[in-house]
Each structure stands twice: as structure tokens, then as C-alpha cells.
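The values are calculated or read from the model by the stated rules, or taken from the named source; none is laboratory data. Owing to the predicted nature of the structure, the values given are computational and were not obtained by experimental measurement. As a convention, Cβ positions derive from the backbone with ideal geometry for all residues, glycine included, and neighbour counts pool all protein chains shown.
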Amino acid sequence: MSALRLVAPLSAVLLLACGVAAAETLAGPVERVIDGDTLIVDGRTVRLWGIDAPELTQTCRGDAVEPAWDCGRRSRLLLQALAGSGTVVCTVRGTHRGRVVALCRSGDRDLGAAMVAAGLAIDEPTYSHGHYAAEEATARQARRGLWRGAFDRPADHRNAR
């Protein structure tokens, strides 16, 4: 028997023994959007991987036209619009505090990338390793969403409550 025939099954056994398996996928319509980075798909609460969005009750400081605005609610509304009524496919990346953490797509659109590009979520490099850094830089330069004024980072807002 060739060495290659022995290596492939052995590799599969080692991966399974280490707890590494094929990525779990959740798919279905979005049952509910909780906030700008959390939704319910197939009965499970899913946190979008690699981003952080304002808390639902969070307000942000804007500009002369709109000095204060409900950035948390607008973030949620955008995620609802992006997810739409079709099938969302989420590739599980892990779990955090009882929630699935996943990269979710609606059609060919990465929901996290779209939220960050619109300026209604930020890249969370601790988890994304800069995956959405380009979208954030573009939103910041164009002064979209959060970047048109001042805001508390969502994690700081949560910690202050």
C-alpha cells in the first residue's frame, strides 16, 4: 500500500481526535434580528463573526444636521434589510457566551462586511484579525454611519452599563 493511501485516513483520524471537524453551517430565514450583530437563524442565536455593532439602546453623536442619533436602532434596521426574507447561510466559527459565532451570508453578501462598510458596525480585530479592516477604513474615510461623528465603542458602552 502506498504511503499516500495511509496518510489521508490517518490525517482524518488525527483531525477528529483533536476536535477539528468540518465547519457547521446554519441555514434558513432570519427569524429575528436582535441588534446590529446578532440574529436568530434556525432557532439559534448567532453573533456575526469579527464585528461589533452598537447596542440597541446606544446613541451616537453625529454632526450639525443630526447632533445625536439612535445608532443602535439604525444598525439593527440595516442588518434586517441586509438579511432580507431569503435564506441566510452561516458558517460557524465558534461559540461565545452561549451564542454561535458565525460568518453569515445572504446570497453572496457577507453580512459583517456590509455592516462595517456602511459604518454601522466596526471591525473587531481581536477576533477578525483585520478581516474587515478595509471596509472600516473606507467607511471612516467617507464618514459613513458611526464615523460621521463621535461614538463609544460598543464594548465600552456595554462595560459602562
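Limited to segment 108-128, what total is found for residues that are at pLDDT 95 or above and farther than 21 Å from E55 by Cα?
Number of matching residues: 1.
Taking the conditions exactly as written (in a strand (DSSP E or B), touching a helix residue (DSSP H, G or I) at 6+ places or on another chain (Cβ under 7 Å) and crowded, with 21+ Cβ neighbours inside 10 Å), does L39 satisfy them or not?
Taking the combined requirement at face value, the residue satisfies it.
Among the numbered criteria (1) in a strand (DSSP E or B); (2) under 12 Å from L48 (Cβ atoms), which one does V89 miss?
Exception for V89: condition (2).
Could you list, in sequence order, the residues of segment 130-158 that are under 19 Å from V101 (Cα atoms), out of contact with any helix residue (DSSP H, G or I) (no Cβ under 7 Å at 6 or more places or on another chain) and touching a residue at least 60 places away in the same chain (Cβ under 8 Å)?
Matches in segment 130-158: H131, P154, A155, R158.
For segment 108-128, how many residues are more than 16 Å from R153 (Cβ to Cβ) and free of Cβ contacts under 8 Å to residues at least 12 places away in the same chain? Show your work before the answer.
Initially, segment 108-128 is screened for residues more than 16 Å from R153 (Cβ to Cβ), giving 108-114, 117-118.
Those left that are additionally free of Cβ contacts under 8 Å to residues at least 12 places away in the same chain: 108, 110.
Number satisfying all stated conditions: 2.
Of everything in segment 82-105, what is under 11 Å from the mean Cα position of the chain (by Cα) and without any contact (Cβ under 8 Å) to a residue 60 or more places away in the chain? Give them in sequence order.
Of everything in segment 82-105, those that are under 11 Å from the mean Cα position of the chain (by Cα) and without any contact (Cβ under 8 Å) to a residue 60 or more places away in the chain turn out to be V101, L103, R105.
Yes/no matrix, rows are residues, columns are (1) hydrophobic (A, V, I, L, M, F, W, C); (2) in a helix (DSSP H, G or I); (3) surrounded by 15 or more Cβ atoms within 10 Å (Cβ to Cβ):
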| site | (1), (2), (3) |
| --- | --- |
| G94 | no, no, no |
| A102 | yes, no, yes |
| V116 | yes, yes, yes |
| Y127 | no, yes, yes |
| G130 | no, no, no |
| A134 | yes, yes, no |
| N159 | no, yes, no |
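Among the residues of segment 46-66, is any in contact with a Pro (Cβ under 6 Å, 6 or more places away or on another chain), buried (at least 23 other Cβ atoms within 10 Å of the Cβ) and part of a strand (DSSP E or B)?
Within segment 46-66, one or more residues are in contact with a Pro (Cβ under 6 Å, 6 or more places away or on another chain), buried (at least 23 other Cβ atoms within 10 Å of the Cβ) and part of a strand (DSSP E or B).
Quick one: L78 ticks every box in (1) surrounded by fewer than 17 Cβ atoms within 10 Å (Cβ to Cβ); (2) on the phi < 0 side of the Ramachandran plot bar one, so which box is it?
(1)
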